[in-house]
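Each value in this text was obtained by applying a stated rule to the coordinates, not by laboratory testing. Quick caveat, the model's predicted, so the values are computed rather than measured. Note that we place each Cβ from the backbone using ideal geometry, even for glycine, and neighbour counts take in every protein chain shown.
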Amino acid sequence: MRCSCLLIFLVLVTSTASAEVVENPDYEYYEAVAKPDHSLLASMNEASPIRHNGRTYHGYTKWDVQWRFFWKAYDSGRCTITSAKTTLTATIQLPKLKGGTSSQKKMFEDYSAALKRHEWGHYEIGREAAASIDRELLLFPVMEDCPSLERQANALANQILEQYREKERAYDTSTGYGKSQGAWLRH
């Protein structure tokens, strides 16, 4: 009888917990002017506002995950998470071509499609991070008190966030910052 009571309790607890992941992706475009006497790469490098550690990039995705959770305190002092709301915000920066020859326009079209796919991969990692945090918060165990629950749940969410930041760094390394996905201009 003890097992069935525990099972019923777990079903009731998990069925009352609710989750919500809200996504807010946004695109920002900067203008790159293609000049017939310059390579497309030179025009892109000149126009790009994206610079990190002395390098110029043509696309960039900045994402952030914020979470909130709500709990129920029992008469015993124990505490459990009852719902969570996780928000993913992102800004994806990409170039927009102005002018250029027909061959530059075609090259840019192919390049920008690959660059957008690469940057969307960064967004997907942020999306996975948000879903993971949301899921783990709802699975968080009952704690002895609410301050412990809050502290440990936030620590877990931050740990998950760092794991996905590392995954994002590995994504850039494994793709050569998009080069293996076609996001590369030779000259």
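Just to be sure, is Leu88 over 23 Å from the mean Cα position of the chain (by Cα) and either surrounded by 19 or more Cβ atoms within 10 Å (Cβ to Cβ) or of a type in the set (Asp, Glu) (or both)?
On the way: over 23 Å from the mean Cα position of the chain (by Cα): no; either surrounded by 19 or more Cβ atoms within 10 Å (Cβ to Cβ) or of a type in the set (Asp, Glu) (or both): yes.
Answer is no for this residue.
Here are some conditions: (1) hydrophobic (A, V, I, L, M, F, W, C); (2) surrounded by 13 or more Cβ atoms within 10 Å (Cβ to Cβ); (3) over 30 Å from Pro36 (Cα atoms). Ala155 meets all but one. Which one does it not meet?
(2)
Might you let me know whether the stretch 145-157 holds any residue that is over 21 Å from the mean Cα position of the chain (by Cα), aliphatic (A, V, I, L, M) and over 30 Å from Asn45 (Cα atoms)? Spell out how you get there, then give the answer.
Narrowing the stretch 145-157 to residues over 21 Å from the mean Cα position of the chain (by Cα): 145-152.
Imposing the further condition that a residue be aliphatic (A, V, I, L, M) reduces the set to 149.
Still in the list and also over 30 Å from Asn45 (Cα atoms): 149.
Within the stretch 145-157, one or more residues are over 21 Å from the mean Cα position of the chain (by Cα), aliphatic (A, V, I, L, M) and over 30 Å from Asn45 (Cα atoms).
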